Amino acid sequence: MRREFILDTFEIIDDRFIEEAKTFQKAKKNAAWVRYIGIAASVLIVAGIAVMVIKLLPRKDTFTTENTLISESISSTATEETLQTSHGSTNETVPDGCGEEGVIITDRACVHLTGVDYWLTNEEAYAFLMENYAGIKNSLEASGVNAQNMVISETGYGHYRTNDNSVAVNWRDFLVYNDEDLISVISVSKDENGLWYGIAFGGSWYSQYNSFLQQHAGQQLVYLYYGDMEAIVTPDNKIYRFMDFAEFEGLVDGFDYYSFFNQETNTYIPN
Amino acid sequence: MNDDAIIRLYWNRDESAITETSRKYGNYCFSIAYNILYNNEDSEECVNDTYSRVWNTIPPQKPSVFSAFIGRIVRNISLDRYRKNLAEKRGGNVIPALLDEIGEIASDNPSPEDDVVRNDLAKAINDFLYDLPLEKRVMIVRRYWYADDIKSIALRLGTSENNISTSIRRIRIKLRDYLLARGFEL
């Protein structure tokens, strides 16, 4: 294998490693006395907490019930932050990686939901778009887009991301039509400042995308990012690349990509 | 301005997106380009090409980690420029050093090198990095992704250059063994 090939391959390592190395700066060591003070303080805090816990612990005859409740509470919290994929939690059936075009399948069964602090439901995103309907229409028309009979899809979708095995729940993409033409994709996001939207229009691939959606009308489509590229998985377990909507080849036989990537927040059913 | 807000500007086709990107990531991009090219003028051009490519890529893309996204683009453009410069007999001196080091992993023997192999290799490298302790991982990524010199890495990690060189060499050997065990033809 050529050295250049390996060096080039480093380019596509995981985003989190790049970000981690960007910001990493080892802290200077503190003087010994500072460390000893830190240790002493830690010991005191731990001792204090231990005393509090002992005082708060219920008597043995009531402990079982409370313990069960606590377990249920922890369990429900965990469910909010993560979502199991529908294929189950075993790793044996998951291939290491596949696809001529670079779809890399995760080997972890648990999907992280990111952006949970600003969870955006479809209803509030759509209501927000309706509130801003006139402004969106004006923006598109001011940009030369024919939006006279503009209709916004009632459902928005996020994406499964293969690089960090997650689905973001704080943004959704909505499709905008004028009569039969797809004219725009609006992304609604939620953050500490509330809801906001971004309008994309003029994509040379919109008509192809529209044809693709019409061919798959009524089907639940699954959206995913692999690396920085976007793709759609159809219920017949085929994966199509965005822009040219060509079908990926060389996928692993027998692996159910559709079920694996299918999460509620990254699906869309075209009419 | 936070990354979400910058991405929002790109999606709105607001040209101030480039100004904000330059303000926040200009030095970061320049340092990646300069590490590879060792030339101010070439590095500036690569950074400007990077902004242009980001503008043409978002939308439809919506990077989850913007810094990694833009860093990857500037690295790619800079390596292309480096190869062009090499063909014209001018260029920096870090990449040959990196390639020499990677020569301990790769034999330069002919072997399949296509997108399938690249993706498998990337996944193997990711898995390998994932299992490394944080500081070791930072060393490798700073060296082979950011193309940092040993001195910069030593300063960042608060240790000697000798320690860094030795550690990176050991990790390279481990990586070679790891890849061989996974069936890669090195």
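The values are calculated or read from the model by the stated rules, or taken from the named source; none is laboratory data. Note that the coordinates shown come from a computational prediction; the quantities given were computed from them, not determined experimentally. Note that each Cβ is placed from the backbone with ideal geometry, even for glycine, and that neighbours are counted across all protein chains shown. Just the protein is used for accessible areas: all its heavy atoms, side chains included, with ligands, DNA and RNA removed. Shrake-Rupley method; radii C 1.70, N 1.55, O 1.52, S 1.80 Å.
Quick notes on this structure:
- Sole exception among (1) within 12 Å of another protein chain (Cβ to nearest Cβ); (2) surrounded by fewer than 21 Cβ atoms within 10 Å (Cβ to Cβ); (3) over 30 Å from B:Arg13 (Cβ atoms) for B:Lys84, by number: (1)
- Every residue from segment B:139-166 that is at the interface with chain A (Cβ under 10 Å from one of its Cβ atoms), in a loop (DSSP other than H, G, I, E, B) and either under 13 Å from the mean Cα position of the chain (by Cα) or at negative phi (or both): B:Trp145, B:Tyr146, B:Ala147, B:Asp148, B:Thr159
- Restricting attention to segment A:134-178, the residues that are of a type in the set (Ser, Thr, Tyr), open to solvent by 10 Å² or more (accessible area, probe 1.4 Å) and closer than 19 Å to A:Thr121 by Cα add up to 2.
- Here B:Lys136, B:Lys123 are screened, and the one residue that is surrounded by 16 or more Cβ atoms within 10 Å (Cβ to Cβ), within 7 Å of chain A (Cβ to nearest Cβ) and not in a loop (DSSP other than H, G, I, E, B) is B:Lys123.
- Selection of segment A:198-214 for residues being touching a Ser or Thr at 6+ places or on another chain (Cβ under 9 Å) and either in a helix (DSSP H, G or I) or open to solvent by 50 Å² or more (accessible area, probe 1.4 Å) (or both) yields A:Phe201, A:Gly202, A:Tyr206.
- Given (1) within 10 Å of another protein chain (Cβ to nearest Cβ); (2) under 17 Å from B:Arg143 (Cα atoms); (3) modelled with pLDDT of 90 or more; (4) surrounded by 19 or more Cβ atoms within 10 Å (Cβ to Cβ), index of the condition B:Tyr28 fails: (4)
- Candidate set: segment A:183-195, residues that are out of contact with any strand residue (DSSP E or B) (no Cβ under 6 Å at 6 or more places or on another chain) and not acidic (Asp, Glu); chosen: the one most open to solvent (accessible area, probe 1.4 Å): A:Asn193
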